[in-house]
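Accompanying notes for the structure given below.
Bear in mind these aren't lab numbers, they're just calculated from the coordinates by the rules spelled out. Everything numeric here is computed off the predicted structure, so don't read it as measured data. Reconstructed Cβ throughout: ideal geometry from the backbone, glycine too, with neighbour counts over all protein chains shown.
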Amino acid sequence: MLIFFCLVGVFAAVSTAIFPTPAQASVFSFVSDIFKQEKTQAAVIQYNNSQKMTILEATKTANPSTGGGEVLIVADGTALEAPEDPSSGEVFQPNNGQISVYIVREGDTLSQIANMFEVSVNTIKLANNLEKNVISEGQTLVVLPVSGVRHTIKNGDTVASIAKKYAADEKEIIQFNDLSGSNPKLIAGAVVIVPDAIIPTSSPSSSGSAGGGKLSNLPAYEGYYTKPVPGARKTQGIHGYNGVDFGSPIGTPVLAAASGKVIISKNSGWNGGYGNYVTISHSNGTQTLYAHLSRNAVVQNTDIEKGQVIGYVGSTGKSTGPHLHFEVRGAKNPF
């Protein structure tokens, strides 16, 4: 019986397709319209979903260090703010100590990118020598995870006095906090960021710190890194972002502390105080940075070997004399 009705149905369908009656044609038109409508709605839904996709997506670099400072909050896209009371000149450092490289996509803005990386707009501007908040599609931006101190301004404070207190740079404080004019006015109770600050030894926050991060939280890789300037004398211990300084004449070769890939090679500009610098990414998930170079000897995306010349000692950027500023990000600095 079932087979009989199936055959009847097939015969009816074939005959209708060949000799459709007006009523049957109307029914098929109605069904066709339903399918068209559903297809159109599906397309609209798919389109709407595409509009809800996140515009900005950052490549997350694995960080071997699970410790570090506090998570930073971006306030108004212009200043870094920590969750705690800053009245004591609180030290801060991003949890992820890695330097990032971001390629601008259509529709990106500096504030969006800053928010994505949890840094301020001025952090990106300083690191890329941007005078205005103008970026273009395809442009490569270096994003530095700024470390330093949040200082609450008191009556009588000046940029010069704050810089002296934290052994910081006046120009960098002015640029980072967007303070305009030759003699910027500081308002008591307001908070300014002091990048690359060194906390006075009397402060309990300075114990075991490296730009705000606790050295005890960083892994150690014995024998992994070699001295980047053989024979040079260390002129300053841990400061800034887990960095040390090696004094040496201008033009002295600087060697890669470990094998890896060059992810940044800046040959000109202030670059957040680093001047000419090179950053290398290593297979253990860490990065090393070589700053104030007189000249770079490698370019971005180059694979290099341990001990290879990557640049030459100089005094560019925030520097008071010829030396190499050497940082290890994501591990203890062995020097």
- [ ] Note down the net charge around LYS261, summing +1 for each Lys or Arg and -1 for each Asp or Glu among other residues with Cβ under 13 Å from its Cβ.
- [x] -1
Task: Summed side-chain charge close to PRO228 - residues other than PRO228 whose Cβ falls under 12 Å, Lys, Arg +1, Asp, Glu -1 - done: +1
Open item on the list: Give me the three principal axis extents of region 220-329 from the C-alpha atoms, as integers in angstrom, largest value leading.
Closed with: 33, 26, 22
Open item on the list: Please rank HIS282, HIS323, fewest neighbouring Cβ atoms within 10 Å first, as an exposure proxy.
Closed with: HIS282, HIS323
Open item on the list: Please rank SER281, SER180, SER120, SER268, fewest neighbouring Cβ atoms within 10 Å first, as an exposure proxy.
Closed with: SER180, SER268, SER281, SER120
- [ ] Return the sequence-ordered ³J(HN,Hα) values of region 238-252 in whole Hz as given by the Karplus equation 6.51 cos²θ - 1.76 cosθ + 1.60 applied to θ = phi - 60°, using x for Gly and Pro.
- [x] 3, 7, x, 9, 6, x, 10, 10, 10, x, 6, x, 4, x, 5
Open item on the list: Based only on other Cβ atoms within 10 Å, what is the fewest-to-most ordering of HIS325, HIS292, HIS239?
Closed with: HIS239, HIS325, HIS292
